Amino acid sequence: MNPRIAQVERNTLETRIKIDINLDGNGTASFTTGIPFLDHMVDQVARHGLIDLQIIADGDLQIDAHHSVEDIGITLGQAFAKALGDKKGIYRYGHAYVPLDESLSRVVVDFSGRPGLFYQVEFPRAVIGSFDVDLFREFFQGFVNHAGVSLHIDNLKAGNAHHIAETIFKAFGRAVRMAISLDSRMTDIIPSTKGSL
């Protein structure tokens, strides 16, 4: 099996982002983004997805975090697409329910090649620390558009805003881990009747 690794750089007038990813890692991660709460959330994805991940981002945070968060999502999606290649042997589908105290979220993902985000999350407040919760949707929209996945995110029980966010990102990591895992019975098979994803 070829190593499922990728390095992607994305540079615009607003952001400069570099991501290194190993889909068959052990959850080791490092971040230099200037957005501590996003780092904390994406660390959940790496840890629970068993993905080694390094993100270096330099963006126009003097304006706000919007461009950086969206572009990190875009670049992460590109890194997944590059590391997965033709997707031979993957399970393709993944799902997870994750609780944190009073909060519960469900994430379902399909590495279908078709981008679609279906996001049903309402936060009880607009900001966690200094992080605008609207930017979570922008992060996931950027990811699905460039990874080519169908992604359903539903917060089923709510309470503390930090808990809601954490259940979403942990469930996303677990669902992705399931979907990109390799099925030994399908080593040279693309999991689609079309023959491509």
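Could you say which residue among ILE56, ILE74, ILE63 is out of contact with any Pro (no Cβ under 7 Å at 6 or more places or on another chain) and under 16 Å from PHE136 (Cα atoms)?
Numbers: ILE56 fails: under 16 Å from PHE136 (Cα atoms); ILE63 fails: under 16 Å from PHE136 (Cα atoms).
Unique residue meeting the criteria: ILE74.
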>> Which pairs turn up if I take residues in the range 128-146 that are buried (at least 21 other Cβ atoms within 10 Å of the Cβ) and look for partners that are aromatic (Phe, Trp, Tyr) with beta carbon separation below 6 Å, at least 6 apart in sequence or on another chain?
In response: PHE131/PHE37
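The rows are residues; the columns are (1) outside any helix (DSSP H, G or I); (2) among the small types (Gly, Ala, Ser).
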position	(1), (2)
GLN44	no, no
ILE55	yes, no
ASP58	yes, no
HIS67	no, no
GLU70	no, no
PHE80	no, no
ALA83	no, yes
GLY94	yes, yes
>> Residue under question is GLU122, and the condition is that it be in a loop (DSSP other than H, G, I, E, B), within 25 Å of ASP64 (Cβ to Cβ) and among the acidic types (Asp, Glu); does it hold?
In response: yes
> Which of the residues belonging to the range 102-127 are of a type in the set (S, T, N, Q) and either touching a helix residue (DSSP H, G or I) at 6+ places or on another chain (Cβ under 9 Å) or without any contact (Cβ under 8 Å) to a residue 24 or more places away in the chain (or both)?
Replying inline: SER103, SER105
> Does ILE74 satisfy the condition of being buried (at least 20 other Cβ atoms within 10 Å of the Cβ) and under 30 Å from LYS194 (Cα atoms)?
Replying inline: yes
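Yes/no matrix, rows are residues, columns are (1) surrounded by fewer than 15 Cβ atoms within 10 Å (Cβ to Cβ); (2) β-branched (Val, Ile, Thr); (3) assigned to a strand (DSSP E or B):
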{"position": "VAL8", "(1), (2), (3)": "no, yes, yes"}
{"position": "ASP20", "(1), (2), (3)": "no, no, yes"}
{"position": "ASP39", "(1), (2), (3)": "no, no, no"}
{"position": "ARG47", "(1), (2), (3)": "no, no, no"}
{"position": "ILE63", "(1), (2), (3)": "yes, yes, no"}
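Rule-based calculations on the coordinates, nothing more; no lab input. All values reported here derive from a predicted model rather than from experimental measurement. Every residue, glycine as well, gets a Cβ built from its backbone with ideal geometry; the counts of neighbours run over all protein chains shown.
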